[in-house]
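Single-structure report; data block below.
Read the figures in this text as sums done on the coordinates, not as results from a lab. Only a predicted model underlies this, so the values are computations on that prediction, with no experimental measurement involved. Note that we place each Cβ from the backbone using ideal geometry, even for glycine, and neighbour counts take in every protein chain shown.
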Amino acid sequence: MRGGRQSKVLKSGIALLAMLLTGCAPDACDYDIRQTVVSSSGKLAAVVFVRECEDQGATTDVSVLPSGAPLPSGPGNAFTRYGRAELAVRWEGEGVLRVADPQSGVTRQITLPTSSATSSAPRPSSATPTGRP
């Protein structure tokens with residue numbers, strides 16, 4: 001029995017090491033918040049940030065969050081662009097956010113689901129990131 005238990009512990013250790021090496025570990029990225037734009041009601045905030053990860057490089061992201069909520073780890077929930085960029089972000093009403101990337105010429109209008117105007121994040125974007133080398 002003793003050998004079987006050691007084998008299970010060894011297999012568990014190997015599985016944990018594999019998860020750490022393949023990116024299943026906690027987010028090991030640096031975040032630099034560049035701008036926060038609060039909606040007219042004050043309920044929502046669009047947070048523009050640069051996320052830099054050793055294995056993926058930098059992205060410029062936008063997340064829509066309830067005002068005052070901390071930025072969660074991970075990519076933006078509304079917009080992601082490969083590389084660093086100065087984005088122009090503005091609210092065009094309580095549930096509509098416009099994100100413009102002057103460098104690439106891309107502009108996205110993000111319409112939040114009705115329930116998002118009070119509590120949750122936007123629907124996942126089908127927009128593709130721009131500016132990839």
When both residues are 6+ apart or on different chains and their Cβ atoms are under 7 Å apart, which pairs have a first residue that lies in the stretch 82-95 and is at positive phi, and a second that is of a type in the set (A, V, I, L, M)? Gly83/Ala58
Confirm whether Arg34 is surrounded by fewer than 19 Cβ atoms within 10 Å (Cβ to Cβ), of a type in the set (D, E, K, R) and out of contact with any Cys (no Cβ under 9 Å at 6 or more places or on another chain). yes
